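Heads up, the thing below is written out as structure tokens.
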Amino acid sequence: MSNSKIDIVSIVESKLKDKVQIQLGQLGNAAVNTSNGLHRDVVKVMLEADEKTAIVAITGLDLGANLGLLYHLRTSNAFITIRAEVPKDNPKIQTIVDLIPGAAFSELEVADLLGVVFEGNPSSGHFLLSEQWPEGIFPLRKDVKANEVKLNPPPPEGARTPEIGRQVKIIIGPQHPALLEPEKFAVTVDGEIVTKVEPRLGYVHRGIEKASESRTYLQDVYLVERICGICNACHAYGFVGTVEKILKTDVPPRAKYLRVVTLELNRLHSHLLTLGHAGLEIGYETLFQYFWRDREPIMDLIELTSGNRVYSSLMTVGGVRRDIRDTDIPRIKTTLEELRKKLPFYRQIYTNEASIKARMQNVGVLSRSDAIKLGMVGPVARASGYDIDVRKDEPYEAYGEIPFKEIVYTEGDTWARMNVRMDEVEESINIIDYALDHLPTGPFRIDAPRNVPIGEAVCRLEAPRGELFYYIKSNGTANPDRVKVRTPTFANLPSFLKTAIGESIADVPPNFVSLDPCFSCTDR
Amino acid sequence: MIDFTLIFRILVFPGFTFILLLTLFCDWVERKIEARIQNRVGPLVAGPAGILQPLADLIKLLTKEDIEPRDAKKTVFKIAPILAFAFMVFALCFVPIDGASVLSTTGFNGDLIVILTFSTIASFLLFLSGWASCNPYGTISSARVLTQFLGYDIPLFLFALTPAFIAGTLSIFKIASIQTIPFIILAPWAFVLFIITMQAELEKDPFDVPDAESELVGGLETEFTGAKLAFLHLTRDVQIVFGSALVVELFLGGPYGPVFFGLPAFWYTLWFVLKLLAVVVLTEYITTLFARLRIDQVLSANWKIVLPASILSLMLTVALVTWVYPLVVL
Amino acid sequence: MTNTTTWARVKSPWVLHFNSGACNGCDIEIVALLTPKYDVERFGVKLEPSPRHADVLLVTGCVTQQCAERLKRIYDQMPQPKFVVAIGACACSGGVFDGNYNVVGGVDKVIPVTAYIPGCPPRPEAILDGVVKLLNALNPPKQKKQKQLEPPKETKPVVSEPEVIVPSQEAKPVIEETKTNVKQ
């Protein structure tokens, strides 16, 4: 790959040397400190140098007199953070949505939770918070006490006007069989064709980022784990991994392999869940039942290794909480072997079954360039031919030592996304097999220091749904100063909003489920 | 005396009560088969092997609170479900079950057309009930019901004409009784296509677009509660029994079969129920083994494949009846 | 007649699942209940898409500000007799999220709850046990002892096993809000 040779840091340095400060090795490969307005120039330079430049997240910080903004950007081979600051009493900054369309949601979130005004971003209204949330109070600011916010009274329910004409607005959610989670999508249809999709997020917004600021690091591991019940091990690892980066501790090799096993078991059960759920969305209930039947042994394995069916709670700062018994390893391997034997049958269904092809092929097609521009991650990006997998790009834990294939399809439709997951199930089994065969001996945990020094760090990992991003800032006390989580669904959602337009209303559920949406992740 | 027999025939056997129980039984068979294919057990605790599950569902729905939404078109909303159910049961009354139909022992020429019309009216009433609930999901779902049954009614009628042509009559009673060789052997292509069309007409997978749960919540039933919902469910179930009964009468030789001893009516009923169950099992297999198609795919399948096939089938039948069958069988 | 009705109600509980701000853990366990290993259809349980069809409302997760009103409306849309089961620690009391700025608290802050099933998340067997216990509480022998309990407003969950409180079986007068359409 020619792209991998781009040295984005020196390009930025050469072009904007006198205007920005570059701190190498901080918050990824480098942190670029900018003053007012210059963050756009840095983004422009990066976009010119590397077409794969995409936004990962925008972190808003309360720095006392100022509000800090961290633009986390990913290029083909580097991770760059741009710092900007705005005064608290006049928190205005230029938007970057016109440069990177994928930043739209991130900007809305910062605007809603921290009160930064992005000039040029056309959206208004609450993004995550309730409609009754009082004006001018921003929960992530330090002076806002979680319990003392008084909501406005609910507006009186107005008389509904009957919808007339061909354009009918269908509300999907908050309670809807296609969504396991409450989230609202107002879909306008003309006949059967979707003309507009308006999302309303925040139904599962529980304020976890704020809550983690008032709990200790140890408590936070369990709190962030409960961001999502499906990819819980990934969230726990994201937090623990970031704290370990601030502490600069290195976990023992056995712990690295055990973490890989836990994360891959998590991916296995999540992918089987989605593959089955997709069957439910296209009215293929038998497929759903079969997948979930074969998912149960994986749940048993999670219980075997961690003691709990859903929340493994295995990750802890300095390693893992429990070792795998040697006597359990054969059982894990036989269970996985049984699953492996069933895979050809499922793959054959997903690739050849006529009614699945009729419902999934050419549905929700996302081109490679759009996938890059909108900042897609995970299986959605890989199905569009955009080879991004944190396990390969920036190996963490033992992934650098374990051979595995990166699954990439080029069709970019729902069918390709499901097939990426189908193939990844097999890769996950291979990874677990390899990890168990090459399990190093030695301790599975070290005593990490309890006191976290002042510092900040970012951590990226490949959750089942894609790249999961954690940012933690510590202030030397027992509690973190700021915890920022950017979840894969948050990044992938724009794909659905873009591809649903112009397709049939019947294509909305399969297109939607092909993102493997997780709103408890998205809203936090 | 004759009056009492007629009343008994209408109300108990083979009329209303029998049809109702048969419907509930078929519902149970369907749920059990679906569950078994999906590696589950299915209803188990209500009665032996869960056989009373549909009855429990029915009683529960009948005793629940009945809510009328503020926006609903009240009269249609109230009447349409029960009327649809009534039309379906009425249509089944013309089908010979124990060797004779419920109302008249021999039927009349043209009753095949009458019962197909009744089932169309029932589908239309289902559409009306969805429309009257004034719910976006219900409205879209009932629009789909209308598009689908208008499309598939034509090929269904044409396929039903195939056995009628071979038998040379439009009386369902005569079509059934004339089959010394079941028409499934004489016209197997028509049987296969009739089953597929029936699947679409009954809105079962892969053609169940009107109640696509993932898009339309409860479909046209979304707003219905209590007794009205019970009647909507019953209408659907009776439709399935009706469709299967039609297949039995037109292609499988109706209720007729060997009589070993005693009353022929008993044996005829037995053969009818067994053949009916065979058809129900077959259609349920198809239902569980396919994903749901999209409405445009369902419609283009109709206009591009099923409708031309039905015309071809009719032409083939006419040719065979005129030139081939007289030489071979009849 | 009452016996038959009770029998039918016990044997045919149709459930509606509403996530009022859960982390997916409990929700996935509820869906797992439908699948071959647990198969709740044995007990006649069916997951219904519309509140109009449901007898039992399964609520998971702490109630967030946006969901509170929605939850109440869904409860109002259900026909009598209806029961509410709070599944998981968050639904029982707010759990780990209690006190956050966007969280109202447990389900019983918004609607009356009939049974609590604690756990994070409760195992599918525990959910099954809770629902079956709730339904068996409807049976006539226990009905005689019933002291016309109103659905409790502020009962706190018992930690160890599902607690079942039988509400009045008499249908309450339909409140006006019941008549709004299932729109959203």
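Condition check for C:TYR38 on (1) in contact with a Lys or Arg (Cβ under 7 Å, 6 or more places away or on another chain); (2) surrounded by fewer than 24 Cβ atoms within 10 Å (Cβ to Cβ); (3) within 11 Å of chain A (Cβ to nearest Cβ); (4) not β-branched (Val, Ile, Thr): one failure, at (1).
If you filter region B:80-97 down to residues that are at pLDDT 85 or above and either open to solvent by 40 Å² or more (accessible area, probe 1.4 Å) or more than 18 Å from B:HIS233 (Cβ to Cβ) (or both), you find that the one that is nearest to the other protein chains (Cβ to nearest Cβ) is B:ILE82. Restrict the check to region B:229-251 and report whether at least one residue is modelled with pLDDT of 80 or more, within 21 Å of B:LYS204 (Cα to Cα), within 14 Å of chain A (Cβ to nearest Cβ) and touching a helix residue (DSSP H, G or I) at 6+ places or on another chain (Cβ under 6 Å). No, there is no match, as no residue in region B:229-251 is modelled with pLDDT of 80 or more, within 21 Å of B:LYS204 (Cα to Cα), within 14 Å of chain A (Cβ to nearest Cβ) and touching a helix residue (DSSP H, G or I) at 6+ places or on another chain (Cβ under 6 Å).
If you scan region C:53-97, which residues turn out to be part of a loop (DSSP other than H, G, I, E, B) and buried (at least 24 other Cβ atoms within 10 Å of the Cβ)?
Step one: list which residues in region C:53-97 are part of a loop (DSSP other than H, G, I, E, B), which gives C:54-55, C:61-62, C:78-82, C:88, C:94.
Listed by number, the residues that qualify are C:ALA54, C:GLY61, C:CYS62, C:MET78, C:LYS82, C:GLY88.
Select from region C:41-52 the residues that are open to solvent by 10 Å² or more (accessible area, probe 1.4 Å) and part of a helix (DSSP H, G or I) and write down the one among them that is nearest to the other protein chains (Cβ to nearest Cβ). Filtering region C:41-52 for residues that are open to solvent by 10 Å² or more (accessible area, probe 1.4 Å) and part of a helix (DSSP H, G or I), the one nearest to the other protein chains (Cβ to nearest Cβ) comes out as C:ARG42. Taking the listed residues C:TYR116, C:TYR75, C:TYR101, the one that is at pLDDT below 85 and either at negative phi or within 14 Å of chain B (Cβ to nearest Cβ) (or both) is C:TYR101, with no other qualifying.
Restricting attention to region B:186-209, the residues that are farther than 12 Å from B:ILE166 by Cα and outside any loop (DSSP other than H, G, I, E, B) add up to 14. Set side by side, the residues B:PHE272, B:PHE231, B:PHE260 differ, and just one is part of a helix (DSSP H, G or I) and open to solvent by 30 Å² or more (accessible area, probe 1.4 Å), which is B:PHE231.
Out of the residues in region C:8-25 that are among the hydrophobic types (A, V, I, L, M, F, W, C) and more than 7 Å from chain A (Cβ to nearest Cβ), state the one that is surrounded by the most Cβ atoms within 10 Å (Cβ to Cβ). So the residue we want is C:LEU16.
Close contacts from region B:11-36, counting a first residue that is in contact (Cβ under 8 Å) with a residue 12 or more places away in the chain and farther than 18 Å from B:THR287 by Cα and a second that is open to solvent by less than 40 Å² (accessible area, probe 1.4 Å) and aromatic (Phe, Trp, Tyr), with Cβ to Cβ under 9 Å and a gap of 6+ residues or different chains, come to B:PRO14/B:PHE272.
Mind listing whichever residues of region B:120-156 are modelled with pLDDT under 85, among the polar types (S, T, N, Q) and either open to solvent by 10 Å² or more (accessible area, probe 1.4 Å) or in contact with a Cys (Cβ under 9 Å, 6 or more places away or on another chain) (or both)? Passing the criteria: B:THR139, B:THR147. Within region A:210-265, the residues that satisfy the criterion of being more than 29 Å from A:THR441 (Cβ to Cβ) and acidic (Asp, Glu) are A:GLU213, A:ASP220.
Considered as a group, the residues in region A:473-524 that are buried (at least 21 other Cβ atoms within 10 Å of the Cβ) and of a type in the set (Asp, Glu) include one that is nearest to A:THR274 (Cα to Cα), and that residue is A:ASP516. From the list A:ARG347, A:ARG331, A:ARG293, A:ARG340, the one residue that fits, being in contact with a Pro (Cβ under 6 Å, 6 or more places away or on another chain), modelled with pLDDT of 85 or more and more than 30 Å from A:ARG450 (Cβ to Cβ), is A:ARG293. Look at C:PRO36 and say whether it is on the phi < 0 side of the Ramachandran plot and either touching a Gly at 6+ places or on another chain (Cβ under 7 Å) or of a type in the set (D, E, K, R) (or both). No. In summary, helices (runs of 4 or more DSSP H) completely within region A:345-434 and bearing 1 or more residues that are touching a strand residue (DSSP E or B) at 6+ places or on another chain (Cβ under 7 Å) and in contact (Cβ under 8 Å) with a residue 40 or more places away in the chain occur at A:368-373, A:378-383, A:390-393. Within region A:276-316, if we keep just the residues that are in contact with a Phe, Trp or Tyr (Cβ under 7 Å, 6 or more places away or on another chain) and of a type in the set (A, V, I, L, M), the residue that is most open to solvent (accessible area, probe 1.4 Å) turns out to be A:LEU280.
For A:SER312, the conditions (1) part of a loop (DSSP other than H, G, I, E, B); (2) small (Gly, Ala, Ser); (3) free of Cβ contacts under 8 Å to residues at least 24 places away in the same chain all hold with the exception of (3). On the stretch given as region A:441-472, residues that are closer than 30 Å to A:VAL380 by Cα, in a loop (DSSP other than H, G, I, E, B) and open to solvent by 10 Å² or more (accessible area, probe 1.4 Å) total 0.
Do the conditions hold for C:LEU34, that is, is it closer than 21 Å to C:LYS133 by Cβ and either at pLDDT 85 or above or small (Gly, Ala, Ser) (or both)?
Details: closer than 21 Å to C:LYS133 by Cβ: yes; either at pLDDT 85 or above or small (Gly, Ala, Ser) (or both): yes.
Yes: the conditions hold for C:LEU34.
Screening A:HIS72 on (1) surrounded by fewer than 18 Cβ atoms within 10 Å (Cβ to Cβ); (2) within 26 Å of A:ASP481 (Cβ to Cβ) shows it passes everything except condition (1). Of everything in region B:35-55 that is within 22 Å of the chain's Cα centre (by Cα) and within 21 Å of B:LEU20 (Cα to Cα), the residue that is nearest to the other protein chains (Cβ to nearest Cβ) is B:GLN53. Listed by first and then second residue, the pairs with beta-carbon distance under 7 Å, at least 6 apart or on different chains, first residue in region B:42-57 and touching a residue at least 40 places away in the same chain (Cβ under 8 Å), second of a type outside the set (Phe, Trp, Tyr) and assigned to a loop (DSSP other than H, G, I, E, B), are B:ASP57/C:SER12. B:GLU223 falls short on exactly one of the conditions (1) more than 10 Å from chain C (Cβ to nearest Cβ); (2) assigned to a loop (DSSP other than H, G, I, E, B); (3) crowded, with 24+ Cβ neighbours inside 10 Å, and that condition is (1).
The values are calculated or read from the model by the stated rules, or taken from the named source; none is laboratory data. Computed from a prediction, not measured in an experiment: that's the story for all the values here. As a convention, Cβ positions derive from the backbone with ideal geometry for all residues, glycine included, and neighbour counts pool all protein chains shown. Please note that ligands, DNA and RNA were not included when accessible areas were found on the heavy atoms of the full protein model with its side chains. Shrake-Rupley method; radii C 1.70, N 1.55, O 1.52, S 1.80 Å.
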